[in-house]
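The values are calculated or read from the model by the stated rules, or taken from the named source; none is laboratory data. In this text the structure is predicted, and so the values were computed from the model without any measurement. With ideal geometry, Cβ positions are generated from the backbone for all residues, glycine too; neighbour counts draw on all protein chains shown. Each accessible area value is taken on the protein alone, full model and side chains, heavy atoms only, with ligands, DNA and RNA left out. Shrake-Rupley method; radii C 1.70, N 1.55, O 1.52, S 1.80 Å.
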Amino acid sequence: MQAGVLADHQIADLITQDGITASTPFADGQVQPASLDLRLGHKAYRVRASFLAGRNRTVKERLADVTMHEVPLTNGAVLEKGCVYVVPLMESLSLPAGMTAAASAKSSIGRLDLLTRIITDHGTEFDRVPAGYSGPLFVEICPRSFSVVVQPGQMLNQIIFRMGDTRMGDSALRALHQQTPIVNGDPVISDGLGFSVDLRPDAGTLVGYRAKPHTGVVDLSKLDHYDPADYWESVHTDTGWIILDPGAFYILVSREAISIPPMQAAEMAPYLAMVGEFRVHYAGFFDPGFGYADAGGSGSRGVLEVRCHEAPFVLEHGQIVGRLIYENMAAMPDALYGREIKSNYQGQGLKLSKHFRAP
């Protein structure tokens with residue numbers, strides 16, 4: 001197999017070859033252009049603390065040490081804000097030698113400030129599956145801003161599969177931009193594509209949203225349902241800068257409109273320590289076709305999920321806040337994001353998750 005991120009038909013082949021198995025038949029739409037959506041199983045474990053299994057132990061062995069109680073999900077269950085849960089997933093892996101995998105929260109989940117991370121048996125990193133891994137998958141869920149209602153089969157995370165060296169170097173990225181523009185304007189390329197925050201909108205003063213500290217639950221099965229005003233405060237500025245409050249969660253938007261060509265995928269680096277006291281973007285994968293003109297896009301903004309850490313921080317318009325790491329595909333996908341795969345987020349600007357009605 002050629003080096004690169006596996007495309008949809010290659011993921012389907014992996015399922016046929018039992019490299020990916022499931023306790024319940026796979027659902028329609030579960031395979032995306034360059035990723036597979038992962039489904040919650042039927043119970044959650046409320047645990048005392050987040051953990052990694054470690055090289056010499058399985059997740060179930062760790063759960064025996066830290067589980068407080070089990071929570072059945074069959075009829076829907078509330079996962080409380082500030083608590084940590086571990087849920088076995090319906091999917092398991094038996095990867096070929098040399099194939100690795102990486103996971104990330106889906107976009108709507110990141111926009112809810114719902115920290116979800118995949119853990120594996122004998123794992124030493126969150127969201128990373130080592131070459132040739134064979135075993136179950138689990139997701140750690142920690143609601144940060146809102147308590148949520150979940151049920152079996154819901155897809156909170158996605159996983160990509162990699163063969164060999166997939167990452168594009170800066171020179172290759174510059175050449176790609178010359179051939180097929182990956183961003184409007186001049187690209188800032190240094191160990192990936194730099195992106196900045198937009199705090200000077202073309203119209204009005206609305207630049208983002210800040211999660212309210214005391215709200216009702218969000219039922220993940222209810223789409224276009226909740227009034228944003230019950231959960232979010234609008235963030236306005238006419239100065240081109242805002243102050244981030246420690247512990248607060250914000251939805252902002254990138255100044256750049258981004259494009260992912262058909263033979264590339266991308267991952268947003270979640271945090272750059274040198275740019276300030278905050279973390280940007282929990283949900284990190286961009287499928288081929290995101291913002292791409294031939295897939296119905298004209299460049300799409302990146303929504304920034306921002307959490308400030310210990311100190312208040314001044315964030316200014318145009319400030320570089322992270323990087324988008326482009327990767328080569330192993331093959332052309334059969335379907336592209338935004339064309340065959342419809343999405344709420346193609347051509348997006350500043351936008352909350354799909355659970356909320358348009359403001």
The one condition Ala266 fails out of (1) open to solvent by 20 Å² or more (accessible area, probe 1.4 Å); (2) closer than 30 Å to Ile243 by Cα; (3) modelled with pLDDT of 90 or more; (4) out of contact with any helix residue (DSSP H, G or I) (no Cβ under 6 Å at 6 or more places or on another chain) is (1)
Notebook entry, point to check: For the range 248-258, does any single residue satisfy the condition of being open to solvent by 50 Å² or more (accessible area, probe 1.4 Å), farther than 20 Å from Ala105 by Cβ and touching a Lys or Arg at 6+ places or on another chain (Cβ under 9 Å)?
Noted result: yes
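Can you name every residue in the range 182-199 that is open to solvent by less than 30 Å² (accessible area, probe 1.4 Å) and in contact with a helix residue (DSSP H, G or I) (Cβ under 8 Å, 6 or more places away or on another chain)?
Across the range 182-199, the qualifying residues are Ile182, Val183, Ile189, Gly192, Leu193.
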Please verify whether the range 170-181 includes one or more residues that are hydrophobic (A, V, I, L, M, F, W, C), under 23 Å from Ser107 (Cα atoms) and either in contact with a strand residue (DSSP E or B) (Cβ under 8 Å, 6 or more places away or on another chain) or at pLDDT 90 or above (or both).
no
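Restricting to the range 164-181, name every residue that is touching a Pro at 6+ places or on another chain (Cβ under 9 Å) and open to solvent by less than 90 Å² (accessible area, probe 1.4 Å). Step through it out loud before you land on a result.
As a first pass, look at the range 164-181 and keep what is touching a Pro at 6+ places or on another chain (Cβ under 9 Å): 173-174, 176-177, 179-181.
Across the range 164-181, the qualifying residues are Leu173, Leu176, His177, Thr180, Pro181.
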Expected output for the range 37-57 (first residue touching a residue at least 12 places away in the same chain (Cβ under 8 Å), partner surrounded by fewer than 16 Cβ atoms within 10 Å (Cβ to Cβ) and charged (D, E, K, R), Cβ below 7 Å, 6+ apart or cross-chain) is Lys43/Glu70; Tyr45/Glu70
Scanning the range 204-254 residue by residue, those acidic (Asp, Glu) and either assigned to a loop (DSSP other than H, G, I, E, B) or touching a residue at least 24 places away in the same chain (Cβ under 8 Å) (or both) turn out to be Asp219, Asp224, Asp227, Glu233, Asp238, Asp245
Condition set charged (D, E, K, R) and in contact with a Phe, Trp or Tyr (Cβ under 8 Å, 6 or more places away or on another chain), scope the range 216-236, selection nearest to Gly153 (Cα to Cα): answer is Asp224
Among (1) surrounded by fewer than 22 Cβ atoms within 10 Å (Cβ to Cβ); (2) assigned to a loop (DSSP other than H, G, I, E, B); (3) modelled with pLDDT of 95 or more, Gly123 falls short only on (1)
